[in-house]
1. So in segment 57-86, with the set limited to residues that are over 14 Å from I110 (Cβ atoms) and acidic (D, E), which one is modelled with the lowest pLDDT?
2. Considering only strands (runs of 3 or more DSSP E) fully contained in segment 48-145, which possess at least 1 residues that are crowded, with 21+ Cβ neighbours inside 10 Å?
3. For segment 179-194, give me each residue that is in a strand (DSSP E or B) and either within 15 Å of E221 (Cβ to Cβ) or not aromatic (F, W, Y) (or both).
4. List pairs: first residue in segment 143-167 and over 23 Å from K34 (Cα atoms), second residue polar (S, T, N, Q) and part of a helix (DSSP H, G or I) anywhere in the structure, Cβ distance under 6 angstrom, at least six positions apart or on different chains.
5. Applying the selection to segment 176-204, what residues are buried (at least 17 other Cβ atoms within 10 Å of the Cβ) and of a type in the set (D, E)?
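The values are calculated or read from the model by the stated rules, or taken from the named source; none is laboratory data. For clarity, every value in this text was computed on a predicted model and none was experimentally measured. Don't worry about glycine lacking a Cβ; one is built from the backbone with ideal geometry, like all the others, and counts go over all protein chains shown.
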Amino acid sequence: MSFISVFDVLGPNMIGPSSSHTAGAAVIAFMAHKMIAPPLKKVDFTLYGSFSRTYRGHGTDRALLGGIMGFGADDVRIRNSFQIAAERGLAYSFTPRDSGDDTHPNTVDIRMENAGGQVMTVRGESLGGGKVRISRINGVSVDFTGDYSTVIVVQQDKPGVVAHITKVLSDRNVNIAFMRLFREVKGRTAYTIVESDGRFPEGIEEPLADNPNVQDVMIIEL
């Protein structure tokens, strides 16, 4: 027998008319902005499926822009995302595009560039009811939802890195709910994604990065 949460019925707290097209979009972009060092200089959103057809009428554009500036799905500043982005000097664009058969109907590709010249791409899917899935980072297929506190370790795919990550987390009593490694080519860049039931200890990025094969550490907590 399956159970339905009251939150599945009522939906999330949000600004905008649609839990899929507004709240979900804001959450995807909020998660993406956690993956790159601030300040952002430019962001390009490529929209697929129903996102591409209704992004103006349903406020998906405002929600994405608000999320990428760090606004939560219930932040009233989302209504003024365009104005705030202009005030911050953040350049942005929205490009609707036809999607392939294997693309989720509510999908967005986000290309971010910060003031230091770092470029990162993230693909997110809005699943309904404010729920989302991140399915790609820098072209590498991944799979996580943000329902848990999440740490993403970007690494060279070398022996010993995963053991280093688990030891750091174990030494700090982090309870691991899920832990997965994603890669496309053996020996190249890989992403170890760890989801925890609780918040990660303050400053855990430093010991996780203390390995010659670790390139970056990102923490996402909604």
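1. Per the criteria, the residue is D74.
2. 106-114, 119-128, 131-137, 140-144
3. M179, R180, L181, R183, T189, A190, T192, I193, V194
4. none
5. E195
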